[in-house]
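In what follows, a single structure is set out as structure tokens and then discussed.
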Amino acid sequence: MNIEVYTLIDYSLIFQGTAFTSKSSKEVTILNDHIFCVNSDGMIEKIISPTNSDYESFVTAHQNNKNFHRLDEGQFLLPGFIDLHVHAPQWAQTGTALDLPLYDWLNTYTFPIEAKFSDIQFAKEVYEQVVNQLLANGTTTALYFATVHKEASILLAQICADKGQRGLVGKVVMDDTSQNPAFYRDQNTASALTDTEDFIIAVKELAKNVKQGVYPVVTPRFIPSCTDEALKGLGELAAKYDTHIQSHCSESDWAHGYVKERFGKNDAFALHDFGLLQDKSVMAHCNFLEENDQDLFKETGTAIAHCPISNAYFANSALPLKNFSEKGIEIGLGSDISGGFSPSLYDNIRQSVITSRMLEDGVDPSLPSQERGLENSRITINEAFYFATAGGGESLSLPIGKIQENYTWDVQIVDTKHTTIPLPIFNGDELIDIFQKIMYLTRPEHIREVWVQGEKVHSKQK
Ligand SMILES: O=c1[nH]c(=O)c2nc[nH]c2[nH]1
């Protein structure tokens, strides 16, 4: 298209600045001083490079219009982050209660907190805060577990809708009376399934008027909390309404062992038997996937939500991330609030690199170096960035996570020149060095603006 044509197009938004986005899982593209044209649906319709002969005249034609945004010096565009695993109610206990193994942690701290979400006022307070927090940390899309309560789960979807975040929300199912405490579980299997169906219908209705989209997610908490009948019914509901599915899979020694004992097979195959592994399925943790489980993930298009901070507390191991990624399994990052204490995917990007380095080198200094670690396990910061953005988008089968034509305008603007805490960027730094400094040092204070589907949803004054 030549300049006469695209200067006449009525774009809703035009941005001029430098962006970082993934080209592949290993490579970051730098779009230096490009122009980004966004249409009224909030999609990136056109990206113009300064090498394009029409670039200057395009800027001249648009720069004085209200919809033209020129980034200041030191500001950079990045895709908004996609958090593939957040327990929204657990925001109420984030940063505390990390002293017990998974089973005891759930029963001692987590189920009592989640039980409180029968109180819709309490739910509102916590859910509004967690959505604000994630937006301020650059997270534009989140895949949420709510609680067993239908009303409070619908409220979480409504809050995402109102605040402009793309929320994928699940009413949690925990119906097994022998595994869940009386004070916190579905009343029975039938009500777990009807509540889930009502929830799906309500969120689909809500979604009709939400520009960025909100989505219902079929959510068996994990196999240990559900009866066979509920798991089967949930697989059927996901197929009937074509929803996303989320659960936990092969997380800790205990959870992995429990499923093996109950079904004589691993989580992956057990979940698959109930119709719960498919292209829109995202399974958290997955540390103990064996070879055939990995193949099944690949075949079904099931994604892993890698939660590196949480894994350090509850997973009894480090995820062989590099190995799984090289097999072609879809992978994104999850904060796993509150098994993970940080609402920031920047922190999880950093931890995923650190964990991979420790996995490669090993951790027991009494062993000879060649026996200490797992070869070829380290990932780069570029790969971690990919998992937090494009990898998350692929996992959810949505056109998000990249700054590229035909993707949504879901971006964060990072200001490296914050007046009191600037990033250490000095003359002579290459853009790729700046990218790495952003990855390792950005805090919410540096995230100046966040946009979802072409709408500004968070801004921070200088
Ligand atoms: O990290 C976790 N957090 C949870 O809330 C949970 N429930 C089951 N398994 C879990 N793992």
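Points to keep in mind about this one:
- The sole residue among Ser250, Ser225 that is within 16 Å of the ligand (Cβ to nearest atom) and on the phi > 0 side of the Ramachandran plot is Ser250.
- Test: Gln404 is in contact (Cβ under 8 Å) with a residue 40 or more places away in the chain, away from the ligand (no atom under 16 Å from the Cβ) and in contact with a Leu (Cβ under 9 Å, 6 or more places away or on another chain): no
- Pairs linking a residue in the stretch 289-314 that is touching a residue at least 24 places away in the same chain (Cβ under 8 Å) and over 29 Å from Trp91 (Cβ atoms) to a residue that is among the acidic types (Asp, Glu) and away from the ligand (no atom under 16 Å from the Cβ), with Cβ atoms under 6 Å and 6 or more positions apart or on different chains, are Gly301/Asp279.
- Exactly one residue out of Lys417, Lys460 is out of contact with any Ser or Thr (no Cβ under 6 Å at 6 or more places or on another chain), open to solvent by 40 Å² or more (accessible area, probe 1.4 Å), more than 30 Å from Asn323 (Cβ to Cβ) and modelled with pLDDT under 95, and it is Lys460.
- Of the helices (runs of 4 or more DSSP H) lying entirely inside the stretch 238-319, those containing at least 3 residues that are open to solvent by 40 Å² or more (accessible area, probe 1.4 Å) and out of contact with any Asp or Glu (no Cβ under 6 Å at 6 or more places or on another chain) span 253-263, 267-273, 291-300.
- Scanning the stretch 378-407 for residues that are open to solvent by 10 Å² or more (accessible area, probe 1.4 Å) and among the hydroxyl-bearing types (Ser, Thr, Tyr) yields Thr380, Tyr386, Ser397, Tyr407.
- Qualifying residue in the stretch 127-144 (condition: over 30 Å from Phe36 (Cβ atoms) and within 13 Å of the ligand (Cβ to nearest atom)): no
- Subset of the stretch 48-87 (residues that are of a type in the set (A, V, I, L, M, F, W, C) and over 18 Å from Pro444 (Cβ atoms)): Ile48, Phe58, Val59, Ala61, Phe68, Leu71, Leu84
- Of the residues contained in the stretch 317-337, one or more are found to be in contact with a Phe, Trp or Tyr (Cβ under 6 Å, 6 or more places away or on another chain), within 14 Å of the ligand (Cβ to nearest atom) and of a type in the set (A, V, I, L, M, F, W, C).
A quick yes/no check of all residues on (1) of a type outside the set (A, V, I, L, M, F, W, C); (2) at pLDDT 95 or above; (3) within 14 Å of the ligand (Cβ to nearest atom); (4) open to solvent by 40 Å² or more (accessible area, probe 1.4 Å):
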position: Asp41; (1), (2), (3), (4): yes, yes, no, yes
position: Asn64; (1), (2), (3), (4): yes, yes, no, yes
position: Gly74; (1), (2), (3), (4): yes, yes, no, no
position: Gly95; (1), (2), (3), (4): yes, yes, no, yes
position: Leu100; (1), (2), (3), (4): no, yes, yes, yes
position: Thr110; (1), (2), (3), (4): yes, yes, yes, no
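- Residue match in the stretch 290-299 (condition: in contact with a helix residue (DSSP H, G or I) (Cβ under 6 Å, 6 or more places away or on another chain) and farther than 21 Å from Phe263 by Cβ): no
- Just one of (1) within 21 Å of the chain's Cα centre (by Cα); (2) within 29 Å of Ile438 (Cβ to Cβ); (3) open to solvent by 10 Å² or more (accessible area, probe 1.4 Å); (4) more than 16 Å from the ligand (Cβ to nearest atom) fails for Leu345. It is (3).
- Scanning the stretch 112-124 for residues that are of a type in the set (A, V, I, L, M) and more than 11 Å from the ligand (Cβ to nearest atom) gives Ala115, Ile120, Ala123.
- Yes/no for Pro224 being in contact with a Lys or Arg (Cβ under 7 Å, 6 or more places away or on another chain) and assigned by the TED database to the domain that holds Thr300: no
- Only one of the listed residues (Ser310, Ser325, Ser250) is of a type in the set (S, T, N, Q) and in contact with a Cys (Cβ under 6 Å, 6 or more places away or on another chain). That residue is Ser250.
- Pairs linking a residue in the stretch 349-365 that is surrounded by 14 or more Cβ atoms within 10 Å (Cβ to Cβ) to a residue that is outside any helix (DSSP H, G or I) and of a type in the set (Ser, Thr, Tyr), with Cβ atoms under 7 Å and 6 or more positions apart or on different chains, are Ser356/Ser377; Leu359/Ser377; Glu360/Ser377.
- Sole residue being over 22 Å from the mean Cα position of the chain (by Cα), not assigned by the TED database to the domain that holds His306 and not in a loop (DSSP other than H, G, I, E, B), chosen from Ile438, Ile432, Ile425, Ile413: Ile432
The values are calculated or read from the model by the stated rules, or taken from the named source; none is laboratory data. Given the structure is predicted, the values throughout are model-derived calculations rather than measurements. Please note: Cβ atoms are built from the backbone with ideal geometry, for glycine as well, and neighbour counts cover all protein chains shown. Protein only, heavy atoms only, side chains kept; ligands, DNA and RNA dropped before computing areas. Shrake-Rupley method; radii C 1.70, N 1.55, O 1.52, S 1.80 Å.
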